[in-house]
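The structure appears below as C-alpha cells.
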Amino acid sequence: MEHAVGQQHPVGTYLKVWGLLFILSTFSYLVDYFHVQGYLRWSLIVVFMLLKAGLIVAVFMHMHWERLALRCAILIPPVALLVLVGLMVFEADYTFLTRILFFSS
C-alpha cells in the first residue's frame, strides 16, 4: 500500500475561484470604464481588491483548509496593525490641529 504524500483538492475549486477572480477584476475595470468618481470609486476598488486578496489567500495559499490557530496567528497581527495605524491617523490630526491653535496666537 502506498501512502498519500499530500492532500489534493479538486481542480474544479481552483477553476471556480479563477473565474470569480476574473469577474471581480472585470468589475474593478468597469468602475474606471464608467467613470465612477469620488468615495464610491475608491470604496469599490478597495472592496474588489480585498475580495480578490481574500480568495487568493483562502484557496491558492490553502488558508481555507488550515487549522483555526494558524489562521489566527497569520490574520490577527495585520488586522491589529491596521487598527493601530487608524488610531495613529486620528492622533496625528489631533496633534496637528493642536499645534495650529497653539502657534497661531
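The values are calculated or read from the model by the stated rules, or taken from the named source; none is laboratory data. All values reported here derive from a predicted model rather than from experimental measurement.
Got a number for residues in region 52-105 being farther than 22 Å from residue 8 by Cα and of a type in the set (Asp, Glu)?
Total meeting the criteria: 2.
Here is a yes/no grid of residues against (1) more than 22 Å from residue 71 (Cα to Cα); (2) modelled with pLDDT under 90; (3) not charged (D, E, K, R):
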{"site": "7", "(1), (2), (3)": "no, yes, yes"}
{"site": "11", "(1), (2), (3)": "yes, yes, yes"}
{"site": "16", "(1), (2), (3)": "yes, no, no"}
{"site": "19", "(1), (2), (3)": "yes, no, yes"}
{"site": "24", "(1), (2), (3)": "yes, no, yes"}
{"site": "30", "(1), (2), (3)": "yes, no, yes"}
{"site": "33", "(1), (2), (3)": "yes, no, yes"}
{"site": "52", "(1), (2), (3)": "no, no, no"}
